[in-house]
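Novice: Please read through the structure below; I'll follow up with questions.
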Amino acid sequence: MADTHAVLNVPAVSCNHCKMAIEKAVGGLDGVDVVDVDVAGKSVSVDFDADAVSLETIEQAVEEEGYPVAGRHVFGI
């Protein structure tokens, strides 16, 4: 059950490949319910269970795909 929503600022997102890579990496984490990459907005929206996965782990998954996280907005913590 998602209890936290975060929006990550990821300026390097520029194409559908970026979108697919990030959505696969983050979506595969236990505790992540929904992940959506907005290429035009250069952002990643994530709904997750903060008791099951940390925001730091989610950010690390994005960065391991080669997309540095430049900022975040978190709701529900």
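The values are calculated or read from the model by the stated rules, or taken from the named source; none is laboratory data. As the structure is a prediction and not an experimental result, all values here were calculated from the model. All Cβ positions, even for glycine, are placed from backbone atoms using ideal geometry, and neighbour counts span all protein chains on display.
Novice: Looking at this structure, is Gly41 of a type in the set (Gly, Ala, Ser), closer than 16 Å to Pro68 by Cα and without any contact (Cβ under 8 Å) to a residue 40 or more places away in the chain?
Specialist: Spelling it out, Gly41 is indeed of a type in the set (Gly, Ala, Ser), closer than 16 Å to Pro68 by Cα and without any contact (Cβ under 8 Å) to a residue 40 or more places away in the chain.
Novice: Taking the stated definitions as given, is Val26 modelled with pLDDT of 95 or more and outside any strand (DSSP E or B)?
Specialist: Yes; evaluated as a whole, the condition is true for this residue.
Novice: Are there any pairs, at least 6 apart or on different chains, whose C-beta atoms fall under 7 Å, with the first in the stretch 54-68 and free of Cβ contacts under 8 Å to residues at least 12 places away in the same chain and the second in a loop (DSSP other than H, G, I, E, B), and if so, which?
Specialist: Glu63/Val69
Novice: Kindly indicate the residue of the stretch 37-52 that is in contact with a helix residue (DSSP H, G or I) (Cβ under 9 Å, 6 or more places away or on another chain) and surrounded by fewer than 16 Cβ atoms within 10 Å (Cβ to Cβ) and also farthest from Gly76 (Cα to Cα) among those meeting that condition.
Specialist: The residue in question is Val39.
Novice: Output the residues belonging to the stretch 23-38 that are in contact with a strand residue (DSSP E or B) (Cβ under 6 Å, 6 or more places away or on another chain) and in contact (Cβ under 8 Å) with a residue 24 or more places away in the chain. It would help to see each step written out before you state the result.
Specialist: Residues of the stretch 23-38 in contact with a strand residue (DSSP E or B) (Cβ under 6 Å, 6 or more places away or on another chain): 23, 26-27, 31-37.
Across the stretch 23-38, the qualifying residues are Val26, Val32, Asp33, Val34, Val37.
Novice: Any chance the stretch 14-21 includes a residue that's on the phi < 0 side of the Ramachandran plot and assigned to a loop (DSSP other than H, G, I, E, B)? Break it down stepwise before answering.
Specialist: Filtering the stretch 14-21 for residues on the phi < 0 side of the Ramachandran plot gives 14-21.
Right, trim to assigned to a loop (DSSP other than H, G, I, E, B) and you get 14-15.
So far as the stretch 14-21 goes, yes, one or more of its residues are on the phi < 0 side of the Ramachandran plot and assigned to a loop (DSSP other than H, G, I, E, B).
Novice: Another one. Can you name the residue in the stretch 35-77 that is aliphatic (A, V, I, L, M) and part of a loop (DSSP other than H, G, I, E, B) and is also modelled with the lowest pLDDT among such residues?
Specialist: Ile77
Novice: If you don't mind, another one. Name the residue that is surrounded by the most Cβ atoms within 10 Å (Cβ to Cβ), counting only residues in the stretch 4-17 that are touching a residue at least 12 places away in the same chain (Cβ under 8 Å) and farther than 20 Å from His73 by Cβ.
Specialist: Result: Ser14.
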